Each structure stands twice: as structure tokens, then as C-alpha cells.
1. Going by average Cβ density within 10 Å per residue, which order do the peptides 200-206, 345-351 take, highest to lowest?
2. For L68 and H124 in one chain, what is 0.36 nm times their gap in residues minus the Cα-Cα distance, to one decimal in nm?
3. Roughly speaking, what is the stretch gain from R61 to L80, that is 0.36 nm per residue apart minus the C-alpha to C-alpha distance, in nm to one decimal?
4. Sorted by packing (mean other beta-carbon atoms within 10 Å per residue), highest first, where do 19-32, 42-55, 217-230, 143-156 land?
5. May I ask you to compute the full-extension gain from R42 to E235, defined as 0.36 nm times their residue separation minus their alpha-carbon distance, rounded to one decimal in nm?
6. Suppose R0 equals 22 Å. What FRET efficiency, 1/(1 + (r/R0)^6) with r the Cβ-Cβ distance, do E9 and T346 give to the nearest 0.05?
Amino acid sequence: MPAFRLPLELELHILDLATPHRLLPSLKRRVKFLRKIALVHRSFTAWAQARLREQFVFTYRTSDPQLLAFERRRQQAELLTDWKPECFLLDLRNFFYADEYDCNCTKSSRRPSTDSLPRAGLLHMGADNGGLEATGNLAAWPARFARFLVYLTHLLVRVCTFDCPPIVDLDDSSCGITWEDPAWGFGQTSQASALTLRHLACSDFSISAPHLTQLVLVQCEIHTSLTRICKRFPELADLFSFRTDFNSGDDDLAALPQSLRQVVIASTSADALEDYEWTTFAKRMPRTLQTFTFTLLQADVDPDEDSARAAVATQHVARLEQTLHNTGTRFTCRIATNSDEEELATVMLALGL
């Protein structure tokens with residue numbers, strides 16, 4: 001450490017600002033950062049260790065026999081009487097069911113696990129190959145946390161078999177196929193109130209969470225209408241679509257839940273503003289809707305194309321502002337200046353996610 005130092009409170013504030021967020025894409029970076037800081041100087045150790053205890057991260061590796069490594073870690077954590085966990089990250093991207101190793105996956109170098117799943121008692125294949133189901137301590141453990149973050153395996157995982165906390169974040173990027181219908185459901189007794197879906201590709205959408213109030217779709221490709229999606233969530237208050245494609249229809253925005261308070265759409269194309277019948281939307285929009293925000297994200301195009309994009313966005317925005325002028329809804333349009341990751345993190349933090 002240098003001979004001259006800032007006051008400790010100021011140093012810790014700087015470290016707070018530099019620490020990666022507790023969001024799914026940055027959580028492992030957060031743990032790695034805090035581990036390093038804990039070793040820099042003894043004056044930082046207690047600060048870093050307190051934040052390391054906020055999350056429980058388990059990454060499945062094919063060398064771990066039958067998820068027993070998870071059970072050992074869980075039992076050790078149970079002994080910490082003063083532990084107040086915030087989030088549980090379960091990374092199953094390297095998980096393979098022994099009978100399903102020829103699935104079309106994005107990483108062809110993977111090899112199937114030789115684990116005997118029934119003997120593990122934590123994950124097993126459901127009846128009629130209906131997807132992986134969690135059992136025992138693996139199913140119950142997420143309820144201890146406020147957030148449950150999952151990198152899904154290439155197989156269909158029945159999320160409803162987990163005892164989910166209020167905030168659930170699912171990343172399906174390890175699968176290279178389009179699901180016919182993932183059919184994830186959380187049940188009437190589920191605590192899940194905020195759901196983030198990342199890189200999900202499906203031809204139908206029957207995901208249900210009866211008490212869901214916040215839905216975030218990140219780089220998803222859903223071959224159904226926004227109308228069908230929103231009908232699954234009668235208490236939805238916040239809707240955030242980030243680089244997500246779904247089949248649009250003239251009545252989509254007019255069919256939004258009447259409980260909706262805010263809509264945020266982030267896209268690289270202003271065409272997302274042209275796909276809807278805004279006049280119909282203005283007449284039938286939810287009376288509770290307070291804000292509607294559109295963000296034009298950065299795109300990898302040459303300067304001339306970028307100027308054309310901005311011009312199209314300005315045209316659509318002017319039309320939309322005029323349409324929504326007398327509805328009482330505050331409309332905001334902005335052109336992103338930060339990276340996609342920063343823009344996404346900003347909105348999710350604003351939503352309390």
C-alpha cells in the first residue's frame with residue numbers, strides 16, 4: 001500500500017462504486033473482485049468479506065460427483081449462524097444428463113456427465129422426459145434468499161420444482177434450440193414477483209406466475225404476441241423489453257394489463273415504435289400507466305446509417321408524443337450513450353432488480 005492514503009471511509013466508498021452489481025451477468029465478477037480486495041490490505045478485509053457473504057454461488061462442473069459438492073457447500077453455509085444471504089447463483093451450463101448428450105448445444109466441446117442422477121437425489125428427469133426436476137435441498141435452498149439466479153443447462157428445467165424467492169433471473173443462453181414451449185410455472189403459492197428471462201427462444205409462451213409484478217425480457221426471441229405474454233400475468237406493473245423480438249400485432253399494446261405502471265422498450269431499431277397502432281393504444285391504454293420509455297441502443301453500423309436510424313427514431317417519437325400527449329402518460333425517448341451492459345444494468349437497478 002502507498003505511504004499516503006485517503007481516509008478509509010472514502011476508500012471504501014470508491015470500492016463500493018467499483019464493485020460489480022449483483023446482477024446475473026456480473027455476479028461472478030463481483031465475487032472475484034471482492035476476493036481480490038479482501039487480500040489487498042487488512043483494512044479492506046472485513047468490508048470485502050461482508051459483501052462476499054451476500055451471495056452463494058455454485059457452478060456445476062463435470063468433475064463434481066453427483067452435485068455432492070453443492071451439498072457440502074450448503075451444509076457449511078448452514079453452520080454460519082450470522083449469515084444473511086442476498087442471492088443464490090446456480091450455474092448449470094456444464095450439466096449433462098447421462099442419457100441426453102447428443103442434444104444440439106452451443107458448445108460442441110462439452111462431454112456428458114457420467115453422474116448417476118437418481119442416486120444424487122437433487123436433480124432427476126421427470127416423467128416422460130418432461131424436463132429436469134429439482135428435489136431435496138437443491139429445491140428448497142433458493143427460498144433462503146431474496147434472489148435466485150440460474151444459468152440453465154441445455155435441457156428443459158422445470159423451474160416450478162424450485163422453491164423460488166421473490167426475484168428470479170433465468171438465463172437460457174447455453175441452449176442452441178428453440179423450445180416449443182418451456183411451460184415454466186411458479187404456482188399460486190410462489191413468492192416470485194419479479195422475473196427476468198435472458199436469451200430464451202420459444203415458439204409459444206405459457207410461462208405463468210400469478211403474482212408477478214415485474215417482467216424483464218433480455219435478448220429473447222419469442223414467436224408469439226405481446227398480448228399472449230401479458231395475459232399470463234394479471235398483476236403485472238413493470239414491463240421491460242431489451243433487444244427482444246416477438247410477434248407484434250395491432251392490438252398488442254392495447255391489451256396490456258390494466259395494472260401496468262411503466263413500460264420500457266430498448267431496441268437498436270426505431271421500427272419497434274412503428275409496429276403498433278398507437279391511436280388504438282392511446283384510447284385503450286391502462287389507466288394506471290405512468291411512464292413509457294423508449295431507448296435507442298447503440299448499433300454496429302457506419303455513421304451514415306446511424307444518422308438515418310436517429311432520424312427515423314425522431315420521426316416515430318414525434319408521432320408517438322403527439323398521440324400520447326393528452327393521456328397523462330409521461331413519454332421519454334433517449335439515445336443510448338453507454339454500452340448495452342451498462343444500459344441494461346441501469347434500468348434493472350432502477351426497477352430494484
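1. So the order, starting with the most tightly packed, is 200-206, 345-351.
2. Full extension of this stretch gives 18.7 nm more.
3. Stretched fully, the R61-L80 segment lengthens by 4.3 nm.
4. Sorting 19-32, 42-55, 217-230, 143-156 by mean packing, highest first, produces 143-156, 217-230, 19-32, 42-55.
5. 64.7 nm
6. Between E9 and T346 the formula returns 0.25.
Values quoted throughout were computed directly from the atomic coordinates according to the rules given, and no laboratory measurement underlies them. Model, not experiment: these values are computed from the prediction. A quick note on method: Cβ atoms are made from the backbone with ideal geometry, for glycine too, and the neighbour counts reach across all protein chains shown.
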